Amino acid sequence: MGLGVSIFLIAVGAVLAFAIHVATNGVDLHTIGWILMGAGALGIVLSLIFWSSWGGPGVVRRDTTTIDDRPL
């Protein structure tokens, strides 16, 4: 799950948790909203952790130069 999907889950979860005022039988939309927001937040954290380990911004690249000065 990438950053875009995580932000989308947070947005949908916030709409369900805060903007929808519907009473349904058997399904609590507010709880589903909170679950989606939690899943989105977890997805953002995991994406940022794995992004930095896979070579995101700030990666240090080290090149090694070997000089061979032996006579031919």
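Number of residues in region 29-72 that are of a type in the set (Asp, Glu) and either modelled with pLDDT of 90 or more or assigned to a helix (DSSP H, G or I) (or both): the value is 0.
Condition (residue is outside any helix (DSSP H, G or I), surrounded by fewer than 10 Cβ atoms within 10 Å (Cβ to Cβ) and either at pLDDT below 90 or basic (Lys, Arg) (or both)) applied to region 15-22: is it met by at least one residue? Yes, region 15-22 contains a residue that is outside any helix (DSSP H, G or I), surrounded by fewer than 10 Cβ atoms within 10 Å (Cβ to Cβ) and either at pLDDT below 90 or basic (Lys, Arg) (or both).
The values are calculated or read from the model by the stated rules, or taken from the named source; none is laboratory data. Quick caveat: nothing in here was measured; it's all calculated off a predicted structure. Backbone-built Cβ (ideal geometry, glycine too); neighbour counts: all protein chains shown.
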